[in-house]
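Asker: Questions regarding the structure given below will be posed in turn.
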Amino acid sequence: MSRMIIATVLVLLFAGAASAAVELTTEATTEIITTNETGQDVTTRVPAGKVVPGGEVIYTIHFVNSGTEPASDVVITNPIPDHMVFTKVEDSPSSASVSMSADGGSNYDSPRNLTVEDAKGQPRPAKASDFTHVRWVFQDSLEPGAEGSVSFRAQLQ
């Protein structure tokens, strides 16, 4: 699998003549474990190149408010790539709530509250393999220059 770039949304918020602009960039990495000269294992993240089935990719979305005003109502939504199964949220600021979608991004909730239809059309609890999107909703405004990242892990089927 070649390096994946996930489409994210650049959100522009305007307040009078000044503006807040939250810019997003996404990177896909994998972890490699090497042994250092003292015999200790060292985990390093490297750009995701060729990923084999069962391999895990960490998708990190970096954000920065490059505007001159605080950015409020910031929401970062990221699709889970095709052929990948969500495994966990890796990083999330304490000021952001995390929710998932199992219907292509139409509805979001806590994973334990999501349902999908089984083969007979009956609702059943959604599993990680049913998740289609991850969403972070920031409760606090991002001040000008504020930056950080959110991330999740997914495994190649």
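Asker: Say we look at segment 99-157 and pick out the residues that are under 15 Å from the mean Cα position of the chain (by Cα), touching a residue at least 40 places away in the same chain (Cβ under 8 Å) and not in a strand (DSSP E or B); which of these is farthest from Ile61 (Cα to Cα)?
Answerer: Looking at the filtered set, the residue picked out is Ala128.
Asker: With the structure loaded, tell me whether Ala15 is under 29 Å from Ser141 (Cβ atoms), under 14 Å from the mean Cα position of the chain (by Cα) and modelled with pLDDT under 95 or whether it fails that test. If you could, list the steps in order and put the result at the bottom.
Answerer: Numbers: under 29 Å from Ser141 (Cβ atoms): yes; under 14 Å from the mean Cα position of the chain (by Cα): no; modelled with pLDDT under 95: yes.
In short, no.
Asker: So, one more: How about segment 69-98: which of its residues are over 12 Å from Thr132 (Cβ atoms) and assigned to a strand (DSSP E or B)? Before the answer, list the steps.
Answerer: First, pick out the residues of segment 69-98 that are over 12 Å from Thr132 (Cβ atoms): 69-76, 83, 87-98.
Across segment 69-98, the qualifying residues are Ala71, Val75, Ile76, Thr87, Lys88, Val89, Glu90, Asp91, Ala96, Ser97, Val98.
Asker: Now for a different question. Mind counting the residues in segment 40-87 that are without any contact (Cβ under 8 Å) to a residue 12 or more places away in the chain and among the aliphatic types (A, V, I, L, M)?
Answerer: Going through segment 40-87, the residues without any contact (Cβ under 8 Å) to a residue 12 or more places away in the chain turn out to be 40-42, 82.
Restricting the remaining residues to those that are among the aliphatic types (A, V, I, L, M) gives 42.
Qualifying residue count, segment 40-87: 1.
Asker: Going through segment 113-131 one residue at a time, which ones are surrounded by fewer than 17 Cβ atoms within 10 Å (Cβ to Cβ) and either in contact with an Asp or Glu (Cβ under 9 Å, 6 or more places away or on another chain) or hydroxyl-bearing (Ser, Thr, Tyr) (or both)? So that I can check it myself, show each step before the final result.
Answerer: Quick first cut of segment 113-131, residues surrounded by fewer than 17 Cβ atoms within 10 Å (Cβ to Cβ) only: 113, 115-125, 127-129.
Result: Thr115, Val116, Pro123, Arg124, Ser129.
Asker: Could I ask something else about it? Which numbered condition trips up Asn107, out of (1) over 14 Å from Arg153 (Cα atoms); (2) surrounded by 18 or more Cβ atoms within 10 Å (Cβ to Cβ); (3) not hydroxyl-bearing (Ser, Thr, Tyr)?
Answerer: In the conditions (1) over 14 Å from Arg153 (Cα atoms); (2) surrounded by 18 or more Cβ atoms within 10 Å (Cβ to Cβ); (3) not hydroxyl-bearing (Ser, Thr, Tyr), Asn107 misses (2) alone.
Asker: Read through the list (1) of a type in the set (Gly, Ala, Ser); (2) touching a strand residue (DSSP E or B) at 6+ places or on another chain (Cβ under 9 Å); (3) at pLDDT below 95, then give the number of the only condition that Ala126 fails.
Answerer: Against the list (1) of a type in the set (Gly, Ala, Ser); (2) touching a strand residue (DSSP E or B) at 6+ places or on another chain (Cβ under 9 Å); (3) at pLDDT below 95, Ala126 comes up short only on (3).
Asker: Something else: Quick check, is Val46 buried (at least 16 other Cβ atoms within 10 Å of the Cβ), part of a strand (DSSP E or B), more than 11 Å from the chain's Cα centre (by Cα) and of a type outside the set (Ser, Thr, Tyr)?
Answerer: Considered against the rule, which asks whether it is buried (at least 16 other Cβ atoms within 10 Å of the Cβ), part of a strand (DSSP E or B), more than 11 Å from the chain's Cα centre (by Cα) and of a type outside the set (Ser, Thr, Tyr), Val46 comes out as no.
The values are calculated or read from the model by the stated rules, or taken from the named source; none is laboratory data. From a predicted model like this one, the values you see are computed outputs, not experimental measurements. Ideal geometry is used to build each Cβ from the backbone, glycine not excepted, and the neighbour counts take in all protein chains shown.
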